[in-house]
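The values are calculated or read from the model by the stated rules, or taken from the named source; none is laboratory data. Values in this document were obtained by computation on a predicted structure and should not be read as measured data. Methodologically, a virtual Cβ is constructed for each residue, glycine included, from the backbone with ideal geometry; neighbour enumeration extends over all protein chains shown.
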Amino acid sequence: MTEKDKYSVLFEPVQIGPVVAKNRFYQVPHCNGMGHVRPRAEAAMRAMKAEGGWAVVSNQETEIHPTSDLAPFAEGRLWDARDIPALRLMTDAVHDKGALAAIELVHNGGHASNLLSRAPILAPSDMAIENVIPMQARAMDKSDIRALRRWHRDAAVRARDAGFDVIYVYAGHNMTIAQHFMLPHMNQRSDEYGGSLENRVRLTRELLEETREAVGDTCAVAFRFAVDEMLGADGMQAAEEGRAIVELLSDLPDLWDVNVAGWPNDSATTRFQPQDGYQNDYISFVKQVTQKPVVGVGRFTSPDLMVSMIRKGVLDLIGAARPSIADPFLPEKIKTGRIDEIRECIGCNICVSADSQGVPIRCTQNPTMGEEWRRGWHPEIIAPKLSDQEVLVVGAGPAGLECAMQLSKRGYGVTLADAADEPGGRVLRESSLPGLSAWMRVADHRLYHLRQDNNVQMFMQSQLGADDVAELGLKHVFLATGARWRRDGLGRSTYRAPPQIDKAAQVFTPDDIMDGKMPPKGPVMIYDDDQIYLAAVLAEKLACDGYDVTFVTPANMVSPFTQYTLEQARVQLRLIELGVTLLINSTLVALSADAVRFACTYSGQEKELANLSSVLVTERRRETTLYDALRQRGGLDTLNLIGDAASPSLIADAVYSGHMAARNFERSPDVIEADWFRRELVATDKE
């Protein structure tokens with residue numbers, strides 16, 4: 001069987017109500033930090049998915065009314081007809097590339113704070129809302145329910161007029177009012193919308209029926225439904241009420257888009273859900289009780305697993321959010337036999353973190369994600385070389401690998417050198433830690449291309465000094481020499497009062513641990529003033545290796561950054577389950593050979609902890625020795641510091657830095673400055 005025959009089932013058309021998907025690849029709705037605020041960027045990003053072969057391309061949750069206002073987050077918006085032109089940008093762009101466009105209509109109920117609109121917050125019953133603000137949601141009366149149904153129907157008509165082919169009713173992620181009515185702990189009503197399961201599903205049935213009546217002759221009606229809350233007996237379970245709801249609504253929608261709730265479960269990181277297709281056990285029953293096509297997700301990156309899901313009758317369409325972000329051209333690469341070129345999603349949720357912070361989407365694997373319109377970047381196309389110059393890249397970590405790969409794709413001759421035994425840099429080192437093995441895909445993808453390219457020479461175990469660089473005779477040098485963790489405890493919380501560290505104290509850094517230099521057996525204190533992710537991973541490793549670990553941080557929780565990646569609760573629970581002692585709101589004051597002293601972040605009251613050794617995770621020092629020497633020496637036409645050597649940050653930022661450096665090579669500094677990126681400006685027209 002040829003590769004084409006092996007995967008041919010993935011390229012069969014699928015009927016979805018009155019429309020036809022040209023193949024089985026379906027980009028499910030996902031947020032992106034663009035939405036109604038940056039509609040041109042939204043349109044260009046979605047169009048790139050369509051160009052890459054996705055048969056259906058969805059937008060994100062789209063507010064239907066001011067009583068479902070998600071500000072300050074930039075989601076979709078369809079409050080009235082004035083929002084249609086912005087959405088038409090997306091549908092026109094997606095249609096131009098040969099795909100269907102889908103819109104996820106939503107009323108978020110108590111998930112929306114209505115901070116912009118200041119509208120009353122609506123819910124099935126009187127209750128506090130998710131966000132900590134001094135407002136509560138009010139129970140909807142019958143007139144509110146009638147109004148909601150009218151808002152949804154009107155929004156569906158506007159969506160059709162905006163050019164969408166698939167229109168969603170959304171009851172998932174514990175974020176929507178339709179789902180809130182289904183859940184007994186949120187629905188305490190005693191009328192026909194509360195009590196029995198059939199009553200609690202009544203609103204969803206009405207929304208589906210009325211959407212079909214409004215647009216069903218021209219648009220497909222999709223239903224996005226979380227079949228399981230993954231809370232066991234404390235929540236909706238797929239085997240019980242989840243299945244019963246599918247049976248009740250069975251063939252009412254044209255498409256079932258099924259997943260699990262809440263969002264941290266549906267978009268679980270590989271750190272806690274390493275297996276692709278991890279939702280299959282929850283969603284596999286759906287096709288048994290409906291005749292309509294089913295799409296599901298599970299961070300599918302393997303074409304063989306995709307085919308298996310179709311052959312086994314689990315899914316009709318392969319759904320993806322994060323894999324379509326990591327590689328918008330995933331379908332096209334499978335179709336054309338370029339499977340080895342797929343940028344596999346690593347499940348780090350940096351894409352999610354951008355939306356959580358209200359900024360345009362980004363991706364560790366795909367540095368062009370979110371830059372399609374504002375920078376004009378294409379994930380598969382880069383401008384050809386401007387000369388026959390050859391370049392030297394020092395450092396084979398994420399920034400250096402990306403820079404070298406893109407320069408070679410442009411046609412430049414590239415020499416890549418690194419002092420380490422193996423390429424990968426911090427990706428190689430961090431991927432050896434618990435839960436982070438998938439992160440090695442960042443290096444693997446780039447190394448595959450570099451090893452296929454005759455333009456590239458790669459030298460490991462090559463520690464270069466300024467004289468060595470001069471001897472090579474290459475006038476264009478990119479330095480991705482990285483950064484190393486500090487050993488002195490200085491960090492974001494200790495600049496005003498640096499910790500006093502006795503020379504006899506046994507101090508280790510993350511680099512020591514990743515290099516295999518372990519503390520002596522016994523108590524270990526990990527001090528986390530980085531507050532991102534690494535300290536907790538190291539604590540997990542040491543606890544699993546048999547150490548008695550105490551985790552100390554000035555923050556009020558473990559790894560606060562991981563709230564943005566939807567895993568903070570799991571991170572903290574993991575350490576608790578491993579028996580790690582947690583001391584939050586505690587700033588390092590002093591370290592001696594046998595004790596650590598720390599102070600309450602609020603009161604300054606000091607305490608002492610008996611301690612044998614300490615791992616300090618504070619901040620990193622940039623490795624600029626070679627850069628400084630070369631700059632002093634002079635004689636180079638290009639000397640560019642990239643990645644962590646320029647600005648220690650996330651792996652995603654290092655990759656982005658390397659990518660940008662490669663694109664800007666041999667461009668005029670004035671042009672680069674003038675062409676920083678395009679902005680979408682607020683219109684000043686009168687109403």
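Tabulated values for the structure
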read-out	value
Flag for ASP234 being without any contact (Cβ under 8 Å) to a residue 40 or more places away in the chain and surrounded by fewer than 21 Cβ atoms within 10 Å (Cβ to Cβ)	yes
Leading residue by the ranking (surrounded by the fewest Cβ atoms within 10 Å (Cβ to Cβ)) among those in segment 437-449 that are hydrophobic (A, V, I, L, M, F, W, C) and under 12 Å from GLY424 (Cβ atoms)	MET440
Filtered residue count, segment 79-101, keeping only those that are in contact with an Asp or Glu (Cβ under 7 Å, 6 or more places away or on another chain) and surrounded by 24 or more Cβ atoms within 10 Å (Cβ to Cβ)	3
Some residue of segment 154-168 being in the same structural domain as GLN27 (by TED's automatic domain parsing), more than 19 Å from ILE84 (Cβ to Cβ) and either without any contact (Cβ under 8 Å) to a residue 60 or more places away in the chain or assigned to a strand (DSSP E or B) (or both)	no
Test for ALA569: is it of a type in the set (A, V, I, L, M), touching a residue at least 12 places away in the same chain (Cβ under 8 Å) and surrounded by fewer than 16 Cβ atoms within 10 Å (Cβ to Cβ)	yes
Qualifying residue in segment 414-431 (condition: touching a strand residue (DSSP E or B) at 6+ places or on another chain (Cβ under 6 Å), among the small types (Gly, Ala, Ser) and assigned by TED's automatic domain parsing to the domain that holds HIS476)	yes
Residues being crowded, with 20+ Cβ neighbours inside 10 Å and out of contact with any Cys (no Cβ under 8 Å at 6 or more places or on another chain) - total across segment 382-408	17
Hits in segment 321-370 (condition: among the β-branched types (Val, Ile, Thr) and crowded, with 20+ Cβ neighbours inside 10 Å)	ILE325, ILE334, ILE342, ILE346, ILE350, VAL352, ILE361, THR364, THR368
Test result for ARG678, within 24 Å of the chain's Cα centre (by Cα) and surrounded by fewer than 15 Cβ atoms within 10 Å (Cβ to Cβ)	yes
Some residue of segment 486-502 being closer than 16 Å to TYR627 by Cβ and touching a Phe, Trp or Tyr at 6+ places or on another chain (Cβ under 9 Å)	no
Subset of segment 202-231 that is buried (at least 24 other Cβ atoms within 10 Å of the Cβ) and of a type in the set (D, E, K, R) - its residue that is modelled with the highest pLDDT	ARG224
Residue count for segment 278-291, restricted to those that are surrounded by 22 or more Cβ atoms within 10 Å (Cβ to Cβ) and closer than 27 Å to LYS6 by Cβ	3
Long-range neighbours under 7 Å by Cβ, at least six apart or interchain, first residue touching a residue at least 12 places away in the same chain (Cβ under 8 Å) within segment 275-303, second buried (at least 21 other Cβ atoms within 10 Å of the Cβ) and among the acidic types (Asp, Glu)	TYR282/ASP228; LYS292/ASP254; PRO293/ASP316; VAL294/ASP316; VAL295/ASP257; VAL295/ASP316
Residue match in segment 436-456 (condition: within 29 Å of VAL94 (Cα to Cα), touching a residue at least 40 places away in the same chain (Cβ under 8 Å) and among the hydroxyl-bearing types (Ser, Thr, Tyr))	no
Single condition GLU673 does not satisfy, out of (1) in a helix (DSSP H, G or I); (2) surrounded by 10 or more Cβ atoms within 10 Å (Cβ to Cβ)	(2)
Those residues of segment 295-307 which are crowded, with 21+ Cβ neighbours inside 10 Å and at pLDDT 95 or above, in sequence order	VAL295, GLY296, VAL297, MET306
GLY489 vs. criteria more than 28 Å from the chain's Cα centre (by Cα) and either surrounded by 15 or more Cβ atoms within 10 Å (Cβ to Cβ) or outside any loop (DSSP other than H, G, I, E, B) (or both)	yes
Test: residue in segment 600-612 that is over 29 Å from the mean Cα position of the chain (by Cα), free of Cβ contacts under 8 Å to residues at least 24 places away in the same chain and assigned to a helix (DSSP H, G or I)	no
Test: ARG375 is within 28 Å of ARG426 (Cβ to Cβ) and over 20 Å from the mean Cα position of the chain (by Cα)	yes
Qualifying residue in segment 178-196 (condition: over 25 Å from ASN265 (Cβ atoms), part of a loop (DSSP other than H, G, I, E, B) and among the hydrophobic types (A, V, I, L, M, F, W, C))	no
In segment 256-280, the residues that are in contact with an Asp or Glu (Cβ under 7 Å, 6 or more places away or on another chain), of a type in the set (Val, Ile, Thr) and part of a loop (DSSP other than H, G, I, E, B)	THR269
Single residue of SER117, SER125, SER113 found to be at pLDDT below 95 and either surrounded by 14 or more Cβ atoms within 10 Å (Cβ to Cβ) or in a strand (DSSP E or B) (or both)	SER113
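For (1) in contact with a Pro (Cβ under 8 Å, 6 or more places away or on another chain); (2) aliphatic (A, V, I, L, M), each residue gets a yes or a no:
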| site | (1), (2) |
| --- | --- |
| ALA483 | yes, yes |
| ARG487 | no, no |
| PHE508 | yes, no |
| ALA539 | no, yes |
| ASP548 | yes, no |
| LEU566 | yes, yes |
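Residues are listed down the side, and each one gets a yes or a no for (1) under 14 Å from the mean Cα position of the chain (by Cα); (2) outside the structural domain of THR565 (by TED's automatic domain parsing); (3) over 21 Å from ALA50 (Cα atoms):
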site: VAL295; (1), (2), (3): no, yes, no
site: SER308; (1), (2), (3): no, yes, yes
site: LYS312; (1), (2), (3): no, yes, yes
site: ASN349; (1), (2), (3): yes, yes, yes
site: SER353; (1), (2), (3): yes, yes, yes
site: GLN365; (1), (2), (3): yes, yes, no
site: PRO384; (1), (2), (3): no, yes, yes
site: LEU401; (1), (2), (3): no, yes, yes
site: ALA404; (1), (2), (3): no, yes, yes
